[in-house]
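Asker: Please read through the structure below; I'll follow up with questions.
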Amino acid sequence: MKPRLVSGPKGLNILVCHKPDSLSTTVLILVRAGTDLEKKNINGISHFIEHLYFKGTKNFPTPKILMENIDKIGGVFNAFTGHQYTGFYIRVLPEFDKKALFILSDIILEPLFPEEEIEKERQVIFEEINLRNDSPPSLIVDLGIRLTFGDQPAGWSILGDKKTLAKITRLDILNYVKENYTAKNTLIVLSGYLREQEKLIKFIKERFSSYNSKKPETIFKFKKPKPGYQEKTYYKDVDQAHIFLGLYLPGVWELKDRRYLWYLISLILGEKPSSRLWLKIREELGAAYYIRSHFYEYLNRSLFFIHAGISLDKLNFVLETIIDEINKLKNQGITEDELKTAKSVLKSFLFMDLEDSLNLAIFYGRQYLLEKSLVSPEEIIKKIDALKISDIQKELKKLFNFKQTKFAVILPKGHRQKFSKIFQKLVK
């Protein structure tokens, strides 16, 4: 089943993903706006606005009234902000599809952004920032991303920081919405069991007929990171070291289908309980509670990284072990069994949840919003199945260079240590 693309008013696109056997209907609105479009003085505004859209609309003027109306239809709702897009959704039983569409469209088209709610929500996000900063496993990822990409939107926190958030005004919010929440920047996805598709499409066209027609910003600005190894240490009241070892990679525009190689590399190295790093460092050595590898993809950049919480007395040894395992992967290769397992896990990871109308909407919606493509799960599975061990080896040798890695670490206050010698010794 492939979605149907329908043109709406002023360049608005509508994606219809009818799934006759679904027990739910999802209305998802995606906007091609996120941290990558922010300026330094308003860093965090995309996420701030995502919160504020639920603080009252023309037809539901208070958060209480809005939430009560969503509850009346049994709606499951939420929103999310990324670097390159923001999403809002309501998932309901099919009988409430039009009501859900009306509520969500009112959130996007008729927000009030009342001053008092702006101030209250500002404090809420301050607490969200506190929560993340108090979690070293989360904080080290943010710090590592900042070190890897530097002082530009790609390196900034989606949450922003308290200094910038404290200065964002209602006028800043209105201007940002005017610039970015436009018809050409917006995709509406109808997913799951759709009782009367044409009526829903007609409703969207009528409802969004007066939507913002301003030409949006279309380029996510990005500068490649400075070449060469970089290291930075941060100090907090912690009892163990938290590390981030990151590698900048090309974005989806350049990687194209090679992105699936990096998902497989991540799974084999550290993203699943049977991965090499997990078995070696946690299970065999007992030196870390958590150790994971990850691959994040964006249009203009990607990021592969490993992060872990490590006993201080085993830190150097674990770093050497991590690099040794990566070198083994590069130089000795992987087994057919490892490749087969990783492919099975990747396909499950990508597609097992697509029976749910929300996940189906996000799967196709994100594709079309960012890449203007609609590749089915079956087509992606064929691409994954075609990958070979030699493809992984070629990719690793082409792009994985320790001399280009970025290393961030959180250490207890008073614990002084330099790590560059470890890396220099191991990259010779």
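Please treat every number below as a calculation from the coordinates, not as lab data. Computed from a predicted model, the values in this text were never measured in an experiment. Cβ atoms come from the backbone with ideal geometry, glycine included; neighbour counts cover every protein chain shown.
Asker: How much length is gained on full extension from I389 to D337, taking 0.36 nm per residue of separation minus their Cα-Cα distance?
Answerer: In short, 17.7 nm is gained.
Asker: Something else now. Apply the Karplus curve 6.51 cos²θ - 1.76 cosθ + 1.60, θ = phi - 60°, to the phi angles in segment 110-115 and return the couplings in whole Hz, x for Gly and Pro.
Answerer: So the J values, rounded to whole Hz, are 10, x, 9, 6, x, 4.
Asker: Averaged across orientations, what area in nm² does the convex hull of the alpha carbons in the chain project?
Answerer: Quarter of the Cα hull surface area: 21.0 nm².
Asker: How much length would be gained if the chain were fully extended between L174 and K256, taking 0.36 nm per residue of separation minus their Cα-Cα distance, in nm to one decimal?
Answerer: 25.9 nm
Asker: Roughly what would the spin-label model give for K163 and L374, points 7 Å off Cα along C-beta, in nm?
Answerer: With each label placed 7 Å out from Cα toward Cβ, I get 4.7 nm.
Asker: Enumerate the aspartates and glutamates that K184 could reach by cross-link, defined here as Cα to Cα under 20 Å, with residues fewer than 8 away along the same chain left out.
Answerer: D36, E38, E50, D106, E110, E206, E217, E371
Asker: Just to be sure I understand: if I project the alpha-carbon convex hull of segment 4-207 onto a plane and average over all orientations, what area do I get in nm²?
Answerer: Directional mean of the projected Cα hull area for segment 4-207 stands at 12.0 nm².
Asker: Follow-up. Report the label-to-label distance for N359 and L112 in nanometres (one decimal), using points 7 Å from each Cα along the Cα→Cβ vector.
Answerer: 3.7
Asker: Here's something else I'd like to know. If contacts are Cα pairs under 8 angstrom and at least 6 residues apart, what is the relative contact order of the chain in percent?
Answerer: Dividing the mean separation by the residue count of the chain yields 23 percent.
Asker: Right, next: Determine which lysines satisfy two conditions relative to K403: a Cα distance under 22 Å, and not lying fewer than 8 residues away in the same chain.
Answerer: K223, K224, K226, K232, K328, K330, K394, K418, K421, K425, K428
Asker: Continuing with the same structure: Rounded to whole Å, give me the distance from the Cα center of segment 355-411 to that of segment 67-128.
Answerer: 30
Asker: Given the options S213, S24, S348, state which has the largest fluctuation in a GNM of the chain using a 10 Å cut-off (strictly under) for Cα springs.
Answerer: Comparing S213, S24, S348 in the GNM, the peak value goes to S348.
Asker: Given contacts defined as C-alpha pairs under 8 Å and at least six residues apart, what's the relative contact order of segment 4-207, whole-number percent?
Answerer: Relative CO of segment 4-207 lands at 40 percent.
Asker: Shifting gears a bit: Could you tell me which residue out of V252, N78, T341 lies farthest along the dipole of the chain toward its positive end? Charges go on the beta carbon: Lys and Arg +1, Asp and Glu -1, centred on the Cα centre.
Answerer: Value computed over the given set: V252.
Asker: Contour minus end-to-end for H415 and N401, with contour as 0.36 nm per residue of separation and end-to-end as the Cα-Cα distance?
Answerer: 2.2 nm
Asker: Please list, in order along segment 410-421, the HN-Hα scalar couplings obtained from phi with the Karplus expression 6.51 cos²θ - 1.76 cosθ + 1.60 (θ = phi - 60°), rounded to whole Hz, x for Gly and Pro.
Answerer: 9, 10, x, 4, x, 8, 9, 7, 10, 10, 4, 5
Asker: May I ask you to evaluate 6.51 cos²θ - 1.76 cosθ + 1.60, the Karplus curve with θ = phi - 60°, for each residue of segment 197-208 and list the ³J(HN,Hα) values in order in whole Hz, giving x for glycine and proline?
Answerer: Calculated HN-Hα couplings, in order: 4, 5, 5, 5, 5, 4, 4, 4, 4, 5, 5, 9 Hz.
Asker: A follow-up question, please. List the aspartates and glutamates whose Cα lies under 12 Å from the Cα of K413, skipping any in the same chain that are fewer than 8 positions away.
Answerer: D237, D239
Asker: Still on this model: If each of L23 and D313 carries a label point 7 Å out from its Cα toward its Cβ, how far apart are those two points in nm?
Answerer: Distance between label points: 5.2 nm.
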